[in-house]
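Trainee: One structure, as structure tokens, below. Some questions next.
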Amino acid sequence: MTITITLVMVALLVGLDQLIKVLVIANVKPVAAVPFIDGIIQFRYVENTGAAFSILSEKTWLLSIITGVMILIGLLYLFLGKADNKLQYVSIVLVISGGLGNLIDRIFRGFVVDFIEYLFMEYAVFNFADILVTVGAVLLVVSVLFVKDKEQGEKVE
């Protein structure tokens, strides 16, 4: 895949993430919480100054630096044609996009906007960018463990 396609995919996913967060700020923040699926999921506005499960709270600049470095490594990996297969390529694009979405929040807001909350179990409030990172990471593990051998010699460029 080309650099242009990669950048377009990242831009679309980051744009969607930021659009969702703007809508959450405008519509959920004023009322604190909005039911989505009764008793299962609600949208609740949370300003997270940490990472997953609020670890490293108040360490926004440290998290920004770590995230920025990881995004650069991921982009270099893709642009140098190191992805072994399409699934690995897509998984890295998802991780980069989610990381960039949350990095934008940290830099311009000083916190990450989280809003998806499970009501049926105790779990962290999270956002669309977190979903991208999580799905991307799971797919990356799958691609490394199970797909690489099937597409050997078909590096994505």
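The values are calculated or read from the model by the stated rules, or taken from the named source; none is laboratory data. Keep in mind it's a predicted model, so treat the numbers as computed, not measured. Using ideal geometry, Cβ is built from the backbone for each residue, glycine included, and neighbour counts are taken over all protein chains shown. Each accessible area value is taken on the protein alone, full model and side chains, heavy atoms only, with ligands, DNA and RNA left out. Shrake-Rupley method; radii C 1.70, N 1.55, O 1.52, S 1.80 Å.
Trainee: Of everything in the range 106-135, what is among the hydrophobic types (A, V, I, L, M, F, W, C), touching a residue at least 12 places away in the same chain (Cβ under 8 Å) and assigned to a helix (DSSP H, G or I)? Give them in sequence order.
Mentor: Answer for the range 106-135, where residues must be among the hydrophobic types (A, V, I, L, M, F, W, C), touching a residue at least 12 places away in the same chain (Cβ under 8 Å) and assigned to a helix (DSSP H, G or I): ILE107, PHE128, ALA129, ILE131, LEU132, VAL133, VAL135.
Trainee: Scan (1) open to solvent by 80 Å² or more (accessible area, probe 1.4 Å); (2) at pLDDT below 95; (3) under 30 Å from PHE146 (Cα atoms) for the single condition LEU12 breaks and write down its number.
Mentor: For LEU12, the failing item is (2).
Trainee: While we're here: Against the conditions (1) assigned to a loop (DSSP other than H, G, I, E, B); (2) at pLDDT 90 or above, where does ASP84 fall short? Just the number, please.
Mentor: It fails just one condition, (2).
Trainee: Another question about this same structure. Which residue pairs have Cβ atoms closer than 7 Å, lie 6 or more positions apart in sequence or on different chains, and pair a first residue in the range 20-40 that is more than 16 Å from LEU119 (Cβ to Cβ) and open to solvent by less than 90 Å² (accessible area, probe 1.4 Å) with a second residue that is assigned to a helix (DSSP H, G or I) and not acidic (Asp, Glu)?
Mentor: ILE20/PHE128
Trainee: Further, regarding this structure: For the range 45-80, which positions are modelled with pLDDT of 90 or more, more than 15 Å from ASP105 (Cβ to Cβ) and open to solvent by 80 Å² or more (accessible area, probe 1.4 Å)?
Mentor: The answer is MET70, LEU72, ILE73, LEU76, TYR77, LEU80.
Trainee: Is one or more of the residues making up the range 117-127 modelled with pLDDT of 90 or more and within 20 Å of ALA11 (Cα to Cα)?
Mentor: yes
Trainee: Within the range 81-130, track down each residue that is touching a Phe, Trp or Tyr at 6+ places or on another chain (Cβ under 8 Å), more than 18 Å from LEU23 (Cβ to Cβ) and among the aromatic types (Phe, Trp, Tyr).
Mentor: Correct list: empty.
Trainee: Sticking with this one: Within the range 15-27, does at least one residue satisfy the condition of being in a helix (DSSP H, G or I) and acidic (Asp, Glu)?
Mentor: yes
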